[in-house]
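Since the structure comes first, as structure tokens, the remarks are kept for the end.
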Amino acid sequence: MITARREAWTGRLLLIVLMAVTLLPFLSLFVTALHPSGTYPAGLAWPGDPQWGNFLRAFEAANMGALLWSSVLIVLGVVPISILLGTMAGFAIGHLRVIGARVVFLLFVLGLTLPFEGVITPLYYQVRDMGLLNTRWAIILPLIGLFMPFSVFWMRAHFVNMPAELSESARMDGANVWQLFRRIHVPLAMPAISSLGILLFLWTWNQFLLAIVLVDDPAKRTMSGALGAFQGQWGTDIPLLCAGSLLILTPTLVIFLIFQRHFVKALLQGSLKG
Amino acid sequence: MPRSAHRRPAAGRLRGARGLAGWLFVLPALAFYAVFVLRPIALTLQYSLYDWDGIGPSTWVGAANYGKVFTDPDLFDSLVNAFKLIVFFSAIPVVLGLAIAATIRRIAASRLALVARTVLFLPQVIPLVAAGIAWSWLLASTGVINQLLSLVGLGGVTRAWLGDFATALPAVGMIGAWVLLGLCTLLLLAGMSKIDPALYEAARLDGAGPWREFVSITVPSLRQEIAVCVTVTVIAALASFDIIYIATQGGPGNTTMVPGLQIFYLAFSEREVGTASALAVVLMVLVIACALPIQWFAKDGNK
């Protein structure tokens, strides 16, 4: 029993150290953000005169209101459509077993590990030819396509375990395939759908590569892409840059803390299935 | 579990839905996938065989671009760097994650562990760009890391970690390790909670110590979770972009250049679309070549 207690204490200590290491960058950002703008604060030192106004200045300098709105628009464009298309395809492949389901599924799985850098060059020319460069559609439409492998894979994994009898009895009652999908299977798939929604939200909000390549105007990018531009512009003013970084990661942080249990579950399941 | 019963096609009355009606459900997803993923993949393959500046006419050069990827030291080094990053992105989070998860297994249900679950997930939730900015500052010459080192009497080794030719790549790797350690720890911890406690009790009765327990029970039972961690982190290393773009831009010199960033520069700054595409093809093949064997390894263990 003594070993067990000692192990528990080692565990607690380790956990605390690990948390400290995880939180250190955030703490450093926060402390540095409070130093007078334009200075080079040395390490972790609480400033004599905390400059809370730096957050306001960074908010204005980065045009944060417009950035937030832009990110929201992009998320609203990507997430609902990706969920709908992924759920429909997952349903047809996993539950209806359409003719050729195996082949189509393999085709989607092929894209699961695709690094976005692999297709970014042709995407640029394709989006340009569509006349969408520098619009939010340049991020929204490719992202929906790029998210399809995971969305279909995820939803298929749910639908594969749905008993066929469920659909058979509904069909007996005269429901067509769409009604079957809409009235019976979508409500039952809600847990899988909401986890997918959380993951897609995170991946869209934090998308960087597509934003910097396909959209020049930071105000039309995702939060993440805008932060890259902000660094280029304010990279020499460390306190302001730190304040801006904190502001930009606040929205995801707030949403994460509100839905943390769902997030943790979705992320753990997400990586297990992916 | 009678899972096999569910695996058969929804027969009988659903048969009509396996044809046209069913395909109407697949088509929209397939269309987006074809236009924004499959077509670009095919185009990358096509571009990789041409010399093209993105504007003027292109000339067919066959496999010359691929030759360049493997002979030009700048391009080849970016691939080598990606593999070196695996040590930091993959090996450290998985090994350390295993050790940590095994140590905190017994207190996994405590309140402290519940708080830790939330805290350890933070790096997964924030944009990698923000992680890059925070760490650039931590690792700067006047940053917290040097402050801590001086505090414990290691003032001699302090430096601008990201600006030093010798330490830039490990420093960037540590940022990746920070991002991925929490995820790996929690994944492995979740896996450990599924191990039958009777196994551990039996081992204790046989006089096994914590190390023996770890090697004979914990690690073998976590085969699948370990495979997942390795896959996710290896892909993160090979396809890294955000962190490096922010922290070092590939420098100093070319010491932290990775394929993702190199593709970006080649295609959009140097206008060598052909070379960029050849490197992109190599990167895509490498990722699949690394991910597939890990999956097979995990599957074999379950038989």
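The values are calculated or read from the model by the stated rules, or taken from the named source; none is laboratory data. All figures in this text were calculated on a predicted structure; none of them were measured in a lab. In this analysis, Cβ positions are derived from the backbone assuming ideal geometry, glycine residues included, and neighbour counts consider all displayed protein chains.
Okay, residues lined up against (1) under 25 Å from B:L138 (Cα atoms); (2) small (G, A, S); (3) part of a helix (DSSP H, G or I); (4) more than 7 Å from chain A (Cβ to nearest Cβ):
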{"site": "B:T256", "(1), (2), (3), (4)": "yes, no, no, yes"}
{"site": "B:Y265", "(1), (2), (3), (4)": "no, no, yes, yes"}
{"site": "B:P293", "(1), (2), (3), (4)": "no, no, yes, yes"}
{"site": "B:A298", "(1), (2), (3), (4)": "no, yes, yes, yes"}
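The residues listed here are B:G16, B:G22, B:G12, B:G62; of these, the one that is at pLDDT below 95, within 13 Å of chain A (Cβ to nearest Cβ) and at positive phi is B:G12. Annotation note: Cβ proximity below 6 Å between a residue of region A:121-134 that is at negative phi and a residue that is surrounded by 15 or more Cβ atoms within 10 Å (Cβ to Cβ) and part of a loop (DSSP other than H, G, I, E, B) (sequence gap 6+ or interchain) occurs for A:V127/A:L133. Residues considered: B:F83, B:F89, B:F70. Of these, the only one that is buried (at least 18 other Cβ atoms within 10 Å of the Cβ), under 18 Å from B:V287 (Cβ atoms) and of a type outside the set (K, R) is B:F89.
Among (1) closer than 16 Å to A:L123 by Cα; (2) more than 7 Å from chain A (Cβ to nearest Cβ); (3) buried (at least 24 other Cβ atoms within 10 Å of the Cβ); (4) of a type in the set (S, T, Y), there is one condition B:S277 misses while meeting the rest; what is its number? So B:S277 meets the others, but not (2). Scanning region A:176-190 for residues that are more than 10 Å from every other protein chain (Cβ to nearest Cβ), free of Cβ contacts under 8 Å to residues at least 24 places away in the same chain and more than 16 Å from A:A89 (Cβ to Cβ) turns up A:Q179, A:R183, A:I184, A:P187, A:M190. Is it the case that region B:241-263 has a residue that's under 21 Å from the mean Cα position of the chain (by Cα), over 21 Å from A:G118 (Cβ atoms) and of a type in the set (D, E)? No, that holds for no residue. Taking (1) surrounded by fewer than 17 Cβ atoms within 10 Å (Cβ to Cβ); (2) at pLDDT 95 or above; (3) facing chain A (nearest Cβ under 8 Å) in turn, B:A31 satisfies each apart from (3).
Taken over region B:34-51, the residue count meeting the criterion of being facing another protein chain (nearest Cβ under 10 Å) and aromatic (F, W, Y) is 2.
Taking the condition at pLDDT 95 or above and surrounded by fewer than 16 Cβ atoms within 10 Å (Cβ to Cβ), does A:P163 pass? Break it down into steps so the answer makes sense when it comes.
Details: at pLDDT 95 or above: no; surrounded by fewer than 16 Cβ atoms within 10 Å (Cβ to Cβ): yes.
No.
Conditions (1) at the interface with chain B (Cβ under 9 Å from one of its Cβ atoms); (2) part of a helix (DSSP H, G or I); (3) surrounded by fewer than 21 Cβ atoms within 10 Å (Cβ to Cβ), marked per residue:
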residue	(1), (2), (3)
A:D216	no, no, yes
A:A219	no, yes, yes
A:A229	no, yes, yes
A:V254	no, yes, yes
A:L257	yes, yes, yes
A:H262	no, yes, yes
A:L268	yes, yes, no
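A count restricted to region B:128-146 and to residues that are at the interface with chain A (Cβ under 8 Å from one of its Cβ atoms) and either of a type in the set (V, I, T) or touching a helix residue (DSSP H, G or I) at 6+ places or on another chain (Cβ under 7 Å) (or both) stands at 12.
Could you say which residue among B:I243, B:I217 is among the β-branched types (V, I, T), part of a helix (DSSP H, G or I) and touching a Gly at 6+ places or on another chain (Cβ under 8 Å)? Before the answer, list the steps.
On the way: B:I217 fails: touching a Gly at 6+ places or on another chain (Cβ under 8 Å).
The unique qualifying residue is B:I243.
If I ask for residues that are part of a helix (DSSP H, G or I), at the interface with chain A (Cβ under 7 Å from one of its Cβ atoms) and hydrophobic (A, V, I, L, M, F, W, C), which ones from region B:76-127 would you list? Passing the criteria: B:I100, B:I104, B:I107, B:L112, B:A113, B:A116, B:V119, B:L120, B:F121, B:L122, B:V125.
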